[in-house]
Amino acid sequence: MALDSKIPEGPLEDKWTKHKNSINLVNPANKRHIDVIIVGTGLAGGSAAATLAELGYNVKAFCFQDSPRRAHSIAAQGGINAAKNYQGDGDSTYRLFYDTVKGGDYRSREANVHRLAEVSTNIIDQCVAQGVPFARDYGGLLDNRSFGGVLVSRTFYAKGQTGQQLLLGAYSAMNRQIGRGKIKMYNRHEMLDVVIVDGKARGIITRNLVTGEIERHSGHAVVLGTGGYGNVFYLSTNAMGSNVTAAWKAHKRGAYFANPCYTQIHPTCIPVSGDHQSKLTLMSESLRNDGRIWVPKKLEDAKAIQNRELNPTDLTEDQRDYFLERRYPAFGNLVPRDVASRAAKERCDEGFGVNKTGEAVFLDFASAIIRYGKEQAHVKGLNEDDDALIQTLGKQVVKSKYGNLFQMYEKIVDENPYETPMMIYPAVHYTMGGVWVDYNLQTTIPGLYAIGEANFSDHGANRLGASALMQGLADGYFVLPYTIGNYLSDDIRTGPIPTDTVEFEEAEAKVTSEINHFVNNKGSKPVDYFHKRLGKIMWNKCGMARNEKELKEAIEEISALREEFYKDVLVPGTADEFNEELAKAGRVADFLELGELFAKDALVREESAGGHFREEHQTPEGEAQRRKEFQFVSAWEYKGEPKDAELHKEALVYENIEVKERSYK
Ligand SMILES: Cc1cc2nc3c(=O)[nH]c(=O)nc-3n(C[C@H](O)[C@H](O)[C@H](O)COP(=O)(O)OP(=O)(O)OC[C@H]3O[C@@H](n4cnc5c(N)ncnc54)[C@H](O)[C@@H]3O)c2cc1C
């Protein structure tokens with residue numbers, strides 16, 4: 001099937017407005033006859049469910065947690081971008097568009113990103129109206145902070161809990177509709193297949209995770225807001241439950257999967273502590289506004305710190321290497337995430353790491369504490385030469401900005417980051433690949449939509465922060481509610497979709513057979529054993545640096561591991577009870593297929609773009625090297641085994657932006 005991205009004609013800045021004005025609408029009375037299934041109630045799915053129900057559609061919403069409030073979106077710390085230009089520092093819709101395309105290493109669609117920048121301002125207004133407590137400055141106006149890779153302050157935030165506050169806003173909006181009976185909420189339900197009738201998505205098969213019951217649900221359209229797949233690496237900053245199952249099942253039914261190899265590696269995470277760990281913790285990027293990243297200049301100092309024979313605070317300024325400030329003076333510690341991550345890895349690979357495994361660098365707030373302390377002393381007319389006073393005042397400011405993050409760090413690492421620098425190391429954080437969608441957010445299956453992190457469309461090879469929340473909420477509040485209407489306008493006379501049909505029967509039988517396989521397998525190894533091994537292959541061979549030889553090895557190893565998994569996995573318990581091991585088995589089965597496609601995609605992409613760093617394609621200074629021939633989206637069609645997947649290319653055209661060499665110096 002040829003890919004049609006359905007980008008509207010006309011000048012970039014008019015495309016969205018004209019499109020909205022020209023697509024079909026469904027009148028309010030007819031909306032009452034239309035059912036929409038929304039799988040996932042994080043920020044993307046939750047905002048879409050609330051908005052579609054408010055418009056009058058009958059919404060059935062599903063999540064695997066016990067409440068929409070527990071979606072992984074709750075973990076987002078740093079903030080959400082919007083081109084409000086409240087700081088008067090030169091921001092505009094065009095600049096947000098430009099920064100996002102550049103931040104995506106010129107691998108995203110111009111039209112989508114421009115639309116995203118346009119609606120970004122509506123998101124802030126919408127959320128403020130809902131009561132989201134964004135940070136405010138002394139005068140009561142909304143505050144902003146800076147994120148890496150851009151030169152303006154456009155990130156709106158709520159302490160280190162932006163995702164949580166935004167989710168509470170979306171959840172309240174949903175709850176109103178649940179109360180009105182316009183949303184029927186199915187908590188603890190996992191979607192295990194999508195049902196296609198006459199070529200259109202018309203329903204899903206779910207498993208009730210509490211009782212084990214397999215259920216059929218029908219609708220006139222199905223929307224996936226099921227989040228990202230970073231957990232294919234086993235260790236990531238994602239919530240433990242985040243998975244690819246819904247997107248992968250859709251892929252197996254005909255939805256193309258785009259750019260699976262694009263992963264964002266976040267530079268500021270708490271380093272891995274050992275083999276029994278199942279989760280990594282993010283330290284928000286906002287910390288790079290004030291924290292300075294360094295390692296010792298001398299190898300012997302690094303060794304002494306690793307062995308705990310030397311305290312980092314004993315090293316003088318000239319004994320420290322602030323390597324980001326040294327290599328990238330213009331952006332310093334606020335270089336994009338991929339640049340900061342690779343630079344940290346480079347220092348650690350050279351032996352300058354600062355924890356016992358040698359895989360950590362320092363993030364140090366000592367300078368910020370003194371700077372803020374002096375400012376406060378000045379403001380209050382106090383003695384600016386009193387070191388103890390400066391420390392106290394400075395720590396108070398740092399606490400007010402990042403208190404919860406510092407507390408989290410201290411609880412996990414058992415060191416006080418106000419006194420001794422934090423240790424950080426890059427970790428898998430966000431996946432830009434996902435289900436391929438056109439401009440209307442429709443997948444290659446008519447009637448099946450994908451929004452938020454589950455789709456691929458707006459980020460390219462993204463190295464920026466605070467853009468994922470923006471995209472999820474743009475999709476859910478402001479884009480899908482228009483575009484889905486155009487599709488549903490053909491369904492006003494269709495009537496309810498029956499579930500007693502051969503298509504539903506076939507899909508249900510398939511789901512049941514896979515579940516039965518797992519519970520009856522009685523192998524010898526638990527699910528996590530395989531997931532950890534998959535994660536190691538992914539991190540070592542498809543992680544921060546990739547090369548042809550290792551990617552080929554990864555493909556073979558993942559394929560062999562998958563075979564072993566099906567033969568030897570042990571799932572205790574039964575299918576008709578609450579059985580977390582069974583749920584995990586299904587998710588890991590899908591990760592084992594996705595992982596192979598991921599490696600295949602990374603192998604095909606013979607260039608470096610964003611977090612995808614191909615060692616064969618780097619500049620003499622070790623920077624990533626893009627290649628013009630790879631200015632396309634890889635969209636993979638399912639053909640049986642991942643090795644047989646067929647590649648379709650969507651060419652990316654830049655007419656409104658000049659594709660420039662990357663430079664953060
Ligand atoms: C630690 C951390 C911090 C972050 N901080 C920021 C930040 O500061 N700014 C920013 O812009 N981005 C940030 N991100 C990224 C951002 O949080 C996510 O991209 C975004 O929240 C994803 O939202 P979503 O609605 O697409 O998916 P999610 O919030 O992951 O929601 C997925 C939903 O799908 C449901 N689901 C999944 N599979 C199934 C299934 N098979 N059946 C039924 N339901 C299913 C889940 O139950 C859930 O309701 C951060 C990410 C992490 C990991």
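Read the figures in this text as sums done on the coordinates, not as results from a lab. What you see is a predicted model; the values in this text were computed from it and never measured. Cβ coordinates were reconstructed from backbone atoms using ideal geometry, including for glycine residues, and neighbour counts include every protein chain displayed.
Brief remarks follow.
- Members of Lys15/Lys660; Lys6/Lys532; Lys159/Lys660; Lys279/Lys525; Lys102/Lys584 lying beyond 31 Å, as alpha-carbon distances in this model show: Lys6/Lys532; Lys159/Lys660; Lys102/Lys584
- Residue-averaged 222 nm ellipticity for the chain, from DSSP H runs of 4+ at -39500 (n - 2.57), nearest 500: -12000 deg cm²/dmol
- Spherically averaged projected area of the convex hull of Cα atoms, region 463-504: 5.3 nm².
- Projected-area average for region 507-640 over all orientations - Cα convex hull basis, square nanometres: 9.6
- Percent of C-alpha pairs per 20 Å bin, the chain, short to long: 19, 54, 25, 2, 0
- Here the Kirkwood formula puts the hydrodynamic radius of region 179-241 at 13.9 Å, using every distinct Cα pair.
- Space enclosed by the convex hull of the alpha-carbon atoms of region 20-168, per residue, Å³: 145
- Charge dipole magnitude, Cβ of K and R +1, D and E -1 - region 156-290, Cα centre, debye nearest 20: 560
- Calculated P(r) tail over 14 Å for region 1-61, as whole % of Cα pairs: 67
- Considering only Leu235, Pro267, Trp294, and ranking their Cα positions along the charge dipole of region 207-329 that arises from unit charges at the beta-carbon of Lys, Arg, Asp and Glu, the one farthest toward the positive end is Leu235.
- Rounded to the nearest 0.05, the FRET efficiency derived from the C-beta distance between Glu506 and Lys380 at R0 = 45 Å is 0.05.
- Each 10 Å bin from 0 upward holds the following percent of the Cα-Cα pairs of region 553-603: 25, 44, 23, 8, 0.
- Derived from the Cα gyration tensor, the three semi-axes of the equivalent ellipsoid of region 349-488 are 45, 22, 11 Å, largest first.
- Over region 488-571 - Rg/Rh using Cα atoms and the Kirkwood inverse-distance radius: 1.23
- Straight-line reach from Lys643: taking Cα to Cα under 19 Å and skipping same-chain neighbours fewer than 8 places apart, the lysines in range are Lys249, Lys252, Lys541, Lys549, Lys552, Lys600.
- Quarter of the Cα convex hull surface for region 263-354, i.e. its orientation-mean projected area (nm²): 6.8
- Per-pair calculated FRET efficiency, R0 = 30 Å: Asn404 and Ser172 via Cβ, rounded to 0.05: 0.85
- Against the chain, whose longest principal axis comes from its Cα atoms, helix 527-542 is set at around 60 degrees.
- A simple charge model with +1 on the Cβ of Lys and Arg, -1 on the Cβ of Asp and Glu and nothing else charged puts the dipole of region 534-665 at about 520 debye relative to its Cα centre.
- Computed log10 I(q)/I(0) for region 335-408 at 0.28 Å⁻¹: -1.11, from the Debye equation with unit scatterers placed on every C-alpha and solvent omitted.
- Based on alpha carbons, the Rg and Dmax found for region 46-125 are 16.0, 44 Å.
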